1. Name the single residue that is farthest from residue 368 (Cα to Cα) among those in the stretch 427-439 being of a type outside the set (Ser, Thr, Tyr) and at pLDDT below 90.
2. Out of all the residues in the stretch 49-73, which are part of a loop (DSSP other than H, G, I, E, B) and out of contact with any helix residue (DSSP H, G or I) (no Cβ under 7 Å at 6 or more places or on another chain)?
3. Hey, can you tell me all the residues within the stretch 330-353 that are within 17 Å of residue 404 (Cβ to Cβ) and either of a type in the set (S, T, N, Q) or without any contact (Cβ under 8 Å) to a residue 60 or more places away in the chain (or both)?
4. From the list 301, 333, which one is part of a helix (DSSP H, G or I), of a type in the set (A, V, I, L, M, F, W, C), out of contact with any Gly (no Cβ under 7 Å at 6 or more places or on another chain) and not assigned by TED's automatic domain parsing to the domain that holds residue 471?
5. Just to be sure I understand, how many residues within the stretch 86-126 are exposed (fewer than 14 other Cβ atoms within 10 Å of the Cβ) and either part of a loop (DSSP other than H, G, I, E, B) or among the hydroxyl-bearing types (Ser, Thr, Tyr) (or both)?
Amino acid sequence: MARGGRITEALMREALLGAGTAVWEWDVRNDCLSSTDDSAALLGYAPGEIADTQIAWNALIHPDDLQANHEAYLHHARGGGADLRARVPRARCKDGSWRWLAERGRVIERDAHGEPLRAVGTLSDITQRREAQGAALELAARLGKLARHVPGLLYQYRSVANDPLRGNFPFISDSVIDLLGLPPAELMRDATAVFRLIHRDDLERVRLGVVEAARTLRPWRCEFRLFDRDAQPRWVNVLATPQREPEGTLLWHGYIQDVTDLRELQQARAEAAAAQAANRAKTEFLSRMSHELRTPLNAVLGFAQLLEIDEHEPLSEQQRRRVVLIREAGAHLLEMIGELLDLTRIESGQMAVEVAPLALEPLIADCVELVRPQADAGGVSLHGAAGPATVRVLADATRLRQVLLNLLGNAIKYNRRGGRVEVAVAASGSELRIDVSDTGVGIAAEHMASLFQPFQRGAQARGPIEGVGIGTAVTRALVELMGGTVTARSVPGAGSTFSVTLRRAD
């Protein structure tokens, strides 16, 4: 029987050592440890290489852990707690490396004064466990860092068995603070605060979707509104996959992305597409209408000219004046139709320009001569370009002519009898500036900001001068299509200067 007992004890020791655990007994008063060879084996020492004293073992404990280990023993020795459970220390192996040891024990005998006489316990090698814990902590730190840089919110949500809207978040990335203003620690205890932030118009839809996903265990995706930390509704896209746990709860693995900006962008694109469609429809309508209007209008103008030059049935002076009024009104209407159609083509991106090197002086001279009858009729003196005679610009000849005629026409139209209109050209580096100046009524400061907006005529809106405010808008758009700019400066009562800047061709 004794032999059987010794075999059992030996097997037990081998089993414990195989599991990385050694049993120790300590005679406290005499500082004598038994079974030290088993403990030494955990650190790679041979029998007898470590003395059978606590002092010898303390010499192997890592300096950073020694004080905490001693304080834990003193706490237990003085009656603090039934078991001696020291903070896990590190101990030096024979090869110089360090291993983590978990020491558990208790005082089993005391003297009459309560001082410890004998203690027993175990020493376990938990190095692999600590390394695994360290690796897990490192992985968690990496995941946390990754989650902080992901443009969204990663989470695990555990819901109770019978109510998917009640539960907690075992994991939720720190970005929940930025999105909802809620601390992760609070949500790890209770997720109620998140569901309170769901927009009431979306809550039932969310609830039904979650319940159905919980029933079928299929991935759930939904877009709904959550109130952010500033109590502003934000659209979020939520993806979650439920997983049934053994105890009946559901563990959801998911991702939340703030899609407010994306939805606004999509809405803006939809509105832009609708606006483009409306522009196309407007362009097509105006194109058809201009054709329908121009055809009879050209007929009216043609017949008016025929009446003026008919030698067989000459008109009386009164009739001639009336025909002239018809012709001038028709020409003005035809001009407005053309400007309106140009503006529509520009806004819809259908206006094409052909930019090429262009001699500037002859073009300006032609434009000046074309408007000279208008200037003479208004009593306005007109002076052509003063500047480099051979300079060339990069422009579309037809569109630049249209721009200059518009600016010259306005300078004459808004001038006064006895006034002056002047065209000047100035070169500056790779650019060339054309100034059209007048001595007219000028433009008030409050109207300068809207000067190049369609249908804006400022103080002239109710004046006697005809116009609908399209010409300046068309002028700016044409100049910009040619790669240039147009600006204006004015002194009310003294006149205005419009400047067109284009690229030089030489």
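The values are calculated or read from the model by the stated rules, or taken from the named source; none is laboratory data. On a predicted model such as this, the values are computed, not experimentally measured, just so you know. Don't worry about glycine lacking a Cβ; one is built from the backbone with ideal geometry, like all the others, and counts go over all protein chains shown.
1. We begin by selecting, within the stretch 427-439, every residue of a type outside the set (Ser, Thr, Tyr); these are 427, 429, 431-436, 438.
Narrowing the set further to residues that are at pLDDT below 90 leaves 427, 429.
Values: 427: 20, 429: 26 Å.
Here the residue is 429.
2. Initial filter on the stretch 49-73 (part of a loop (DSSP other than H, G, I, E, B)): 49-53, 59-60, 62.
Selection gives 51, 53, 59, 60, 62.
3. Our first condition is that a residue be within 17 Å of residue 404 (Cβ to Cβ); within the stretch 330-353, this holds for 335, 338-339, 342, 353.
Scanning the stretch 330-353 gives 335, 338.
4. Details: 301 fails: out of contact with any Gly (no Cβ under 7 Å at 6 or more places or on another chain).
Matching residue, one of 301, 333: 333.
5. Matching residues across the stretch 86-126 total 10.
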